[in-house]
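What follows is a single structure, written as structure tokens, with notes after it.
Every number here is computed from the coordinates shown, using simple stated rules; none is lab data. Keep in mind it's a predicted model, so treat the numbers as computed, not measured. Here the Cβ positions follow ideal geometry from the backbone for every residue, glycine too, while neighbour counts run over all protein chains shown.
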């Protein structure tokens, strides 16, 4: 289920780990807490409760009365082009927790390089430079970890290097035309 939602309120059926957005502080939302689901995109759910916004891993979606997130395994690419396409598809399942647009369309991926991990070319190394919409955002390590995890699900990817960079600074001009339309900026 990939969609932006505003589902009204629901009550947590059990304690769940949650990350405070945009600070990136890990914590727990307790059983019985009322939350409002604002988006469910990729493998995470964003909720609002008590004036705070939280990101919950889709593995805990059942505590919200939702189906759990499916871990998507991707078959092994045979060519560099197939590997790049598989990586881009996985990156497009990573969303900014505050903006219902994936990180590729937001223009947060500055560099993507795929190269053979060995001379036979049966496995791949992926290098990514990415940024955030704001340098002070505490979600950097969380998003880079998500990127790493999702790319490692691609069979044949042996190594992933994700670097958070700030030069050049991100701006609205980096967003795709589709993302600008979706955000009402066009």
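Name the shape class, rounded, prolate or oblate, that the alpha-carbon gyration tensor gives for the stretch 37-136, where a ≥ b ≥ c are the square roots of its eigenvalues, rounded holds for a/c under 1.5, and otherwise prolate holds if a/b is larger than b/c and oblate otherwise.
Note, shape of the stretch 37-136 comes out oblate.
May I ask for the distance between the Cα centers of the stretch 161-186 and the stretch 98-122, given as a whole number of Å?
When both Cα centres are located, 14 Å separates them.
Pulled fully out, how much extra length does the chain show between residue 81 and residue 113, if you take 0.36 nm times their separation in residues and subtract their Cα-Cα distance?
Extending this stretch completely gives an extra 10.5 nm.
Report the calculated FRET efficiency for residue 123 and residue 176 (r = Cβ-Cβ distance, R0 = 25 Å), to the nearest 0.05.
Calculated transfer efficiency: 0.25.
By count of other Cβ within 10 Å, fewest leading, how are 96, 67 ordered?
67, 96
Given the -39500 (n - 2.57) contribution per DSSP H run of 4+ residues, what per-residue ellipticity at 222 nm results for the chain, rounded to the nearest 500 deg cm²/dmol?
Calculated at 222 nm, the ellipticity per residue is -5000 deg cm²/dmol.
Calculate the radius of gyration of the Cα atoms of the chain to one decimal place, then report Dmax, the largest Cα-Cα distance, as a whole number, both in Å.
17.2, 55
Antiparallel versus total DSSP beta bridges in the chain: what percent is that, nearest 5?
80 percent
Between residue 89 and residue 148, what is the label-point separation in nm under the 7 Å Cα-to-beta-carbon projection?
2.4 nm
Pairing the Cα long axis of helix 140-152 with the longest principal axis of the chain, what angle in degrees results, from 0 to 90 and rounded to the nearest 10?
Approximately 60 degrees, to the nearest 10.
By how many degrees, between 0 and 90 and to the nearest 10, does the Cα long axis of helix 80-91 differ from the longest principal axis of the chain?
Between helix and principal axis, roughly 10 degrees.
If you count the DSSP beta bridges with both ends in the stretch 80-182, what percent of them are antiparallel, to the nearest 5?
Close to 55 percent.
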